Amino acid sequence: MKTRERIRLLSDEPGEDRLASLVEHLKDDVAGLRLPNPPAAVGEALQAFDDAVALAERVPALRLAAEAEAAKQREADVARVAAAIQAGKTPTFKDVGSARDVDAAAALSAEAAESLLVQAHDDLVEAAHAAWPSWRRELCAQAARSHKTAATAVAKARDAVETARELYGAVTTLDHELLARFPDERAQAEAERRAGLPWYSATHDAPAPLKHMATPGARPGPNGKRPGLPIADVLDELAAAVGRPADFPAASWRPPNDSSRETDTEQLDPSLPWVRRAVIREAAGICTLCGQAGADAATADEHGRLAAVHDRCAKAPPTRAELQRQQQLAAWRREGYPAQP
């Protein structure tokens, strides 16, 4: 809904109540435009809008200050009128104008703040619309770079955890191997106690670090612990998931005001996951070649027209009837199509 249409629905007369409702509506409306790394023009428009919101939210305080000032002015007006009457004069508007002027200024403040707020909102929307094509291209590029960085970081984290786990294990393995070779020292280690505890067994029977983790979201079992997962498996799955190329079809779309639409004539690749899904969905899953349901692939002819097919149908050799049809089409292309009756 356009801003000015929304204003008309708020109330008939401008004032603080309508201004407060408008502030909340417009703040909600632009929340979706507070995206990472906005272009300079959008950033400036956002700042101007925030300034207008801050001004509008100060209106009640301005009114209270104006009312306090008006009360003081009224006292002065009363004193001047009383002095005029006492002197036998007829009071005039000149004697009571100051308080009335302050009241009028307080009444106009909400309307003025509303006007500034609406203009700042409209300017922000226009700035975002103008920057839309280049902004989304930059967001796509930044997302791809961050994705690559994340994949590298996760792979490094997986390798680092594996190294740390091996080093922890090496410590206990070293102790076991050497104590096994020196019986006297093993007997000493097994007999030695610290604070009443068997020092060696108490320090070497604990689970090794970085081997297991609690299953996220799982409920604790009877022992009060959540089921465990091998950390190595979790990191392998995470590295594989983050390391896969992004299936982000929105990057292939162009806004209506993007001038690159005019030069973008590239045909869609039916092997892309999003193209395959869209083609199958548009065909309701019916294979173009056999007419049966369950299409699981997409293909394109020489003109770029897309069709849903079974992968097995696309790979099957053409039937005799299909070969005859293809030969007939080739002949028509060379010699011309038959006249329509």
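Just so it is clear, none of the values below were taken in a lab; they were calculated from the coordinates. All values reported here derive from a predicted model rather than from experimental measurement. Note: ideal-geometry Cβ built from the backbone for every residue, glycine included; neighbour counts use all protein chains shown.
Select from the range 242-307 those GluC sites (Glu not before Pro) which occupy a DSSP coil region and have at most 16 other Cβ atoms within 10 Å, ordered by residue number. Can you show the working numbers first?
Values: sites: Glu262, Glu266, Glu282, Glu302; in loops: Glu266, Glu302.
Taking the range 242-307 and a limit of 16 other Cβ atoms within 10 Å, the loop GluC sites (Glu not before Pro) found are Glu266, Glu302.
Along each principal axis, taking the top coordinate minus the bottom one, the Cα set of the range 284-323 gives 28, 23, 14 Å in descending order. With a cut-off of 14 Å between beta carbons, the residues surrounding Arg165 carry a summed charge of -3, where Lys and Arg count +1 and Asp and Glu -1.
In whole Å, what three semi-axes, largest first, describe the equivalent ellipsoid of the range 267-335 built from its Cα gyration tensor (square root of 5 times each eigenvalue)?
On the way: eigenvalues 112, 45, 17 Å².
That gives 24, 15, 9 Å for the three semi-axes.
Extents of the range 106-145, largest first, come to 53, 16, 5 Å (Cα atoms, principal axes, whole angstrom). Peptides 143-151, 118-126, 313-321 ordered by packing proxy, namely the average of other Cβ atoms within 10 Å per residue, highest first: 118-126, 143-151, 313-321.
Could you rank the peptides 286-298, 169-181 by their average count of other C-beta atoms within 10 Å per residue, with the highest value first? Don't jump to the answer; show the numbers that get you there.
Working: 286-298: 16.3, 169-181: 11.8.
Result, highest mean Cβ count within 10 Å first: 286-298, 169-181.
Toward the positive end of the charge dipole of the range 267-335, with +1 on the Cβ of Lys and Arg and -1 on the Cβ of Asp and Glu, the farthest Cα among Gln328, Ala300, Ala284 is that of Gln328.
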